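> Dropping the structure in here first, questions after.
Readers should treat all values here as calculations from the given coordinates under stated rules, not as data from a laboratory. Keep in mind it's a predicted model, so treat the numbers as computed, not measured. Heads up, the Cβs are rebuilt from the backbone with ideal geometry, glycines too, and the neighbour counts pull from every protein chain shown.
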Amino acid sequence: MNKLLAALSLTTALTMTTSAAFAEVKIGAIFDLSGGLNIYGIQQDQALDLAVASINEAGGVNGEDIVVVGYDAQSELSKYTQFAQTAVLRDGISAMFAGLTSSSREALRPILREANIPYFYSSLYEGGACDRNTFVTGSSASQQLSILMKWAVENYGPRVYIMAPDYNFGTISGYWIHKYAEELGAEVVGEDYLPLSMTDYAPTIQKIQAAKPDVVVAIPVGSAQTGFLEQFAAAGLKEDIGLISTNYGSGNQQIVVSPQAGEGYMSVMNYFPSASGETNAKFLAAWEEAYGTDTPVVTGSVDVWNAVHLWAAAANQAGTTDTDEVIAALQSGISYEAPNGTVTLEPGSHHLRQNMYIARGNANNGFDIVETFTDTAPTFENEICNLVDNPDVVEHFTPEN
């Protein structure tokens, strides 16, 4: 019996020594690496890997290396819930970085909240998510559309038409467009909310021609909806009607559409590769070394990069990956010098204060930044969401509620 106890003790000691030598902390990643949304998901995943490598090279999190447990959601909503549950129950993750569409975010939030794991959503979206365990590093509609609508009415005119996908990103963005149009003395003269699978936009083009808008707010999502831009240009509408977006370029659509379709299309996002600054130059150099220069970096990549660095900084500040202590550190007003400028996590809303850029699509399948708005606050989210004072609030607020 004594020999058995001695053997068990030795085995335990060896296990502890091995664990100490190969200490690690696991994070989960679920992105669309295949399917119609992979034009965003592949780069999101690449950005996460690059961020983890840079953090590990600098010493990791509290001296431990970060290990990524990654899954391909295959552009299918059901895969998100399946893989999130696996990551929570089997993989023992300390944080989750996942999702592109708002529907994927809303599928994930309850799972990560119940498991009490920090969840980082790194995509531009319609805004309004308020949840203690959820942190949004993309830009919200109120940050983007408050700027873009004012610019469009001043430069194109007050008659507005909406073309958007028929799910919560599109429909809630539509509410914001109506709201800002009213505040600016403009008018929404027509709107069309279409399935992601739509490929024939002739009926929408006809409606736009009949409505005679000054500007179309077009926020198509996915490879199928990119066809709208070609059909809009082919119909000759670009000569008389402005075209603006809050997501054009977020999946590098500008490199797959013709210059005829993309040139002059105005977009507003929190990052374009042409953003100035030494931090962006270093980021792009690291990206080029790791992945080459075949495609420009998309804004969602920077959103993921920022999310991983903010989480790691909070965990290092807390001295632990314990969720409650990491959330407290994140709510301390933590900032990070990011490729898109200084970003600061708002303690109450869990959204970022960050720069916004209006850019024009050019003839070289790229963008020229025409105006920069520094340190733009997530005004709507800050007004309706205070998770420091009310941590039990779990809501997806919209402008109409």
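> Arrange the peptides 273-280, 186-193, 125-132 so that the one whose residues have, on average, the most other Cβ atoms within 10 Å appears first.
Per-residue Cβ counts within 10 Å, averaged per peptide and sorted highest first, yield 125-132, 186-193, 273-280.
> Using only Cα atoms and rounding to the nearest 10 degrees, what angle (0 to 90) does helix 141-155 make with the longest principal axis of the chain?
Its long axis makes an angle of about 20 degrees.
> Something else now. Quick one: 3J(HN,Hα) in Hz for the stretch 44-52, Karplus 6.51/-1.76/1.60 with θ = phi - 60°, rounded, Gly and Pro as x.
Running phi through 6.51 cos²θ - 1.76 cosθ + 1.60 with θ = phi - 60° gives 4, 5, 4, 5, 4, 4, 5, 5, 4 Hz.
> State the antiparallel share, in %, of DSSP beta bridges confined to the chain, rounding to the nearest 5.
40 percent
> Against the longest principal axis of the chain, how steep is helix 77-86, in degrees 0 to 90 to the nearest 10, with axes from Cα atoms?
10 degrees
> Taking a threshold of 31 Å on the Cα-Cα distance, which of the pairs K150/K212; K179/K207; K179/K282 fall above it?
Over 31 Å Cα-Cα: K179/K282.
> I've got another one for you. So what is the diffusion coefficient of the chain in µm² per second by Stokes-Einstein at 10 °C and 1.306 mPa s, using a Kirkwood Rh over Cα pairs? Working shown, then result.
Numbers: Rh = 21.9 Å.
Here the translational diffusion coefficient equals 73 µm²/s.
> Sort R90, R353 so the one with the fewest other Cβ atoms within 10 Å of its own Cβ comes first.
R90, R353
> Where the only charges are on Cβ atoms (+1 Lys, Arg; -1 Asp, Glu), what is the dipole of the chain about its Cα centre, to the nearest 20 debye? Kindly include the intermediate steps, with their values, before the conclusion.
Numbers: 17 positive and 46 negative charges, 92 e Å.
Charge dipole of the chain: 440 debye, to the nearest 20.
> Divide by every residue of the chain the summed helix terms, -39500 (n - 2.57) for each DSSP H run of at least 4, and state the resulting mean residue ellipticity at 222 nm, rounded to the nearest 500 deg cm²/dmol.
Per the formula, -13000 deg cm²/dmol.
> If I take all pairs of Cα atoms in the stretch 80-137, what percentage of them are more than 17 Å from each other?
Across the stretch 80-137, Cα pairs with separations above 17 Å total 26 percent.
> Taking N as the number of residues in the stretch 326-401, what is its Cα Rg relative to 2.2 N^0.38 Å?
1.38
> How far is helix 102-115 tilted off the main Cα axis of the chain, in degrees rounded to 10, range 0 to 90?
The answer is roughly 20 degrees.
> Say the dipole of the chain comes from +1 at the beta carbon of Lys and Arg and -1 at that of Asp and Glu; which of T321, V308, A285 then lies farthest toward its positive end?
T321
> Using the Kirkwood radius over Cα pairs, work out the Stokes-Einstein diffusion coefficient for the stretch 142-269 at 20 °C and 1.002 mPa s, in µm²/s as a whole number.
Result for D is 150 µm²/s.
> Counting Lys +1, Arg +1, Asp -1, Glu -1, what net charge surrounds E381 among other residues with beta carbon under 13 Å of its beta carbon?
Net charge around E381: -4.
> Find how much the distance from R113 to Q206 grows on full extension, using 0.36 nm per residue of separation minus their present alpha carbon separation; answer in nm with one decimal. Walk me through the numbers on the way to the answer.
On the way: separation 93, 0.36 × 93 = 33.48 nm, distance 4.52 nm.
So the extension gain works out to 29.0 nm.
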